[in-house]
Amino acid sequence: MAKMIIMERDGVISHRQEDDVTTVEGWDPIAGSIEAINRLKKAGYLVTIASNHSGIARGYYNEEVLQEMHDKMQRMLAIRGASVDGIFYCPHGPESNCVCRKPKPGLLFQIARQFGVDLTETPLVGDSIVDIGAARMASANPVLVRTGNGEYTMQHFPEALDVPVYDDLAHFVRETLRRR
């Protein structure tokens, strides 16, 4: 069975804006994140993204713009000979009560089905309490990074304190590959 790392996009791979990244120009990777994904891919990991994008439901942007953001990220990875294996997202707003919006585990279950991975062996790298909640509900392994909302999450949610914490995605990847 292949090893997989699931990650949130905004706050882990790219800088998080106040509400949501709404433009392709506004999508800006965090230093070291693209190279970190490249290192995971070279080490044989599957890499997927599980993200909430309620900006679609709110009318801030549409799925075409979201796809353009993902294309930009994939181009940055392709320059290094890598790519993300799957991008899963929830386009709904918080009020929709759908199963795919984190902290509900629907996106993680979709990933597990599509790739045949065991979520109990799979980290979900996130920057917020909803990422931690989704990982726990899906029996995945929650991991928190300090980037994005990570510091805020650590300060305001005591349940986040028993989760492994890394400075950023690059730090998580270095430690993960070192322990292999």
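Tabulated values for the structure
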{"item": "Criterion violated by Tyr61 - all others in (1) surrounded by fewer than 19 Cβ atoms within 10 Å (Cβ to Cβ); (2) in contact (Cβ under 8 Å) with a residue 12 or more places away in the chain; (3) touching a Ser or Thr at 6+ places or on another chain (Cβ under 7 Å) satisfied", "result": "(1)"}
{"item": "Whichever residue in the range 64-93 is free of Cβ contacts under 8 Å to residues at least 12 places away in the same chain and polar (S, T, N, Q) and, among such residues, is farthest from Gly106 (Cα to Cα)", "result": "Gln74"}
{"item": "Residue list for the range 40-75, filter: in contact with a Cys (Cβ under 9 Å, 6 or more places away or on another chain), within 13 Å of Arg9 (Cα to Cα) and not in a strand (DSSP E or B)", "result": "His53"}
{"item": "Among residues of the range 97-110, those that are closer than 21 Å to Tyr60 by Cβ and either modelled with pLDDT of 95 or more or in contact with a helix residue (DSSP H, G or I) (Cβ under 8 Å, 6 or more places away or on another chain) (or both), counted", "result": "5"}
{"item": "Test set (1) within 21 Å of Leu177 (Cβ to Cβ); (2) in contact with a Leu (Cβ under 9 Å, 6 or more places away or on another chain) - Asn52 fails condition number", "result": "(1)"}
{"item": "Qualifying residue in the range 13-25 (condition: of a type in the set (Lys, Arg) and under 24 Å from Tyr152 (Cα atoms))", "result": "yes"}
{"item": "Long-range neighbours under 7 Å by Cβ, at least six apart or interchain, first residue in contact (Cβ under 8 Å) with a residue 60 or more places away in the chain and at negative phi within the range 99-122, second part of a helix (DSSP H, G or I) and surrounded by fewer than 16 Cβ atoms within 10 Å (Cβ to Cβ)", "result": "none"}
{"item": "Leu66 vs. criteria surrounded by 19 or more Cβ atoms within 10 Å (Cβ to Cβ), more than 19 Å from Asp168 (Cα to Cα) and hydrophobic (A, V, I, L, M, F, W, C)", "result": "yes"}
{"item": "Residue under evaluation Gly148, criteria (1) in contact (Cβ under 8 Å) with a residue 40 or more places away in the chain; (2) within 26 Å of Gln67 (Cβ to Cβ); (3) part of a helix (DSSP H, G or I), criterion not met", "result": "(3)"}
{"item": "Filter pass, Met73 being closer than 27 Å to Thr22 by Cβ and either in contact with a strand residue (DSSP E or B) (Cβ under 9 Å, 6 or more places away or on another chain) or of a type outside the set (Val, Ile, Thr) (or both)", "result": "yes"}
{"item": "Residue list for the range 82-96, restricted to those being over 14 Å from Val47 (Cα atoms), in contact with a helix residue (DSSP H, G or I) (Cβ under 7 Å, 6 or more places away or on another chain) and assigned to a loop (DSSP other than H, G, I, E, B)", "result": "Pro91"}
{"item": "Residue within the range 14-31 that is among the aliphatic types (A, V, I, L, M), under 26 Å from Arg178 (Cβ atoms), at pLDDT 95 or above and surrounded by fewer than 20 Cβ atoms within 10 Å (Cβ to Cβ) present", "result": "yes"}
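The values are calculated or read from the model by the stated rules, or taken from the named source; none is laboratory data. Just so you know, these numbers come straight off a predicted model, no measurement behind them. Neighbour counts are summed over all protein chains in view; Cβ atoms, including those assigned to glycine, are modelled from backbone coordinates with ideal geometry.
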